Amino acid sequence: MLFSTLKRLRPSVAPTSPTERIRACVGALVGIMLTGFTSKLALGPDVNLPLLIAPMGASAVLLFAAPTSPLAQPWSILGGNVLSALVGVTFALFVTDPIVASALAVSVAIGLMLALGCLHPPSGAVALTAVLGGPALHAEGYAFVFWPVGLNSLLLLGAALLFNNLTGRRYPHLAPAKPVSPHKTTDPVPSERIGFVPSDLQEVLAQYDEIVNVSPDELDALLHQAQIRAYERRSGEITCSHIMSRDVATVRPGTALREAWRLLIDHRIKALPVTGDNGELVGIVTQTDFMRASLLAEDGRLHLGWRMRVGTTLRLARQPKHVVSDIMTRKVQSALPETMIAKLVPPMADMGLHHMPVVDADNRVVGIVTQSDLIAALFQERQMPGAEPRERTKAA
């Protein structure tokens with residue numbers, strides 16, 4: 001009984017790989033070392049104040065071990081630490097009892113950080129340090145705010161910006177832009193018309209009425225990824241290879257536009273992957289590309305619009321030759337044969353993609369998935385709610 005109770009006291013923390021743990025440790029090592037040595041070079045070894053203050057260790061935990069936390073963002077560390085230092089120095093100067101001054105400094109610092117949206121837990125220790133730091137810190141007065149607090153915070157933040165981004169961790173964590181309909185209408189994107197939406201999450205968090213150490217947009221992304229994983233489990237591991245068209249009509253960059261248009265009409269399709277010499281995907285040309293670039297004249301010839309002529313001339317330093325490379329889209333989102341179809345829903349629903357080329361490990365086109373293929377697969381899966389996933393069927 002006692003053991004089970006003690007076990008429940010252990011916090012439930014998201015699992016991390018050994019690589020991520022080592023990355024966090026190395027980040028803290030680099031951050032604190034750079035902050036200390038840079039401070040020493042800037043101010044010299046004979047300065048009376050400490051080159052590093054203790055709260056920077058707590059800040060390093062957040063900046064390198066939890067860089068996506070809203071408590072670890074640039075405004076949090078700079079605003080929180082500087083604000084708390086100001087509060088701490090003020091109470092140290094005007095309240096004689098150190099215990100009362102400490103309590104007031106930490107309390108007021110928390111209130112101001114919450115009000116200004118710069119909550120940073122180590123900043124509470126900054127306020128306490130300003131009160132209990134001893135005669136050397138008290139003699140500095142408000143200079144303590146700029147040195148060592150301001151300089152330490154700025155240097156540690158700079159180290160976090162460099163280290164996190166160089167090691168594959170996006171920092172700072174910027175809130176994503178609100179999804180915009182590809183059709184430029186006021187309707188919400190398809191994924192926000194059904195199921196839970198960001199506003200639902202905001203209302204739940206408001207009812208929860210406690211500080212959550214994860215940003216709402218990050219929590220929303222995690223929940224959507226969990227939904228995709230759950231669907232993948234229910235859909236029996238259906239991949240692109242199960243639903244893609246394998247006999248794909250393709251064109252080359254040098255294919256004449258009239259020939260490409262004829263292929264679209266003959267095959268009753270709306271897109272043609274563009275492949276290179278070895279079959280690798282280099283672009284895609286769609287009916288939209290044709291309509292954007294030109295109109296068919298009465299004599300059947302294809303005339304490029306003047307904007308496309310200017311753009312193509314600047315890009316290729318030559319006049320258009322009425323070939324596919326003149327109008328094709330070069331940045332193409334593709335999938336692998338083993339990609340789960342659930343992962344195709346967000347780009348095809350929200351980004352307005354109607355076709356998804358499927359490529360192998362060498363980027364060679366092996367198939368294509370259309371919105372029709374995806375809808376048919378999802379409909380078929382819904383028609384068989386009792387069907388066991390493929391893996392379980394094989395195991396049986």
Inset, instruction - Give the residue, chosen from VAL89, VAL82, VAL106, that is in contact (Cβ under 8 Å) with a residue 60 or more places away in the chain and assigned to a helix (DSSP H, G or I). - result: VAL82
Inset, instruction - Test each condition in (1) in contact with a helix residue (DSSP H, G or I) (Cβ under 6 Å, 6 or more places away or on another chain); (2) modelled with pLDDT under 95; (3) part of a helix (DSSP H, G or I) for MET56 and report the one that comes out false. - result: (2)
Inset, instruction - Taking the residues in the stretch 130-165 that are of a type outside the set (A, V, I, L, M, F, W, C) and touching a Leu at 6+ places or on another chain (Cβ under 6 Å) as candidates, determine which candidate is surrounded by the fewest Cβ atoms within 10 Å (Cβ to Cβ). - result: PRO148
Inset, instruction - Name, by its number, the condition in (1) in contact with a helix residue (DSSP H, G or I) (Cβ under 7 Å, 6 or more places away or on another chain); (2) β-branched (Val, Ile, Thr); (3) in a helix (DSSP H, G or I) that does not hold for ILE22. - result: (1)
Legend entry - Residue within the stretch 88-103 that is buried (at least 23 other Cβ atoms within 10 Å of the Cβ), within 27 Å of the chain's Cα centre (by Cα) and among the aliphatic types (A, V, I, L, M) present: no
Inset, instruction - State all residues of the stretch 27-53 that are touching a residue at least 24 places away in the same chain (Cβ under 8 Å), within 29 Å of THR68 (Cα to Cα) and assigned to a helix (DSSP H, G or I); if no residue qualifies, say none. - result: GLY27, ALA28, VAL30, GLY31, ILE32, LEU34, THR35, THR38, SER39
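The values are calculated or read from the model by the stated rules, or taken from the named source; none is laboratory data. Just so you know, these numbers come straight off a predicted model, no measurement behind them. Cβ sites come from the backbone with ideal geometry, for glycine too, and all protein chains shown count toward neighbours.
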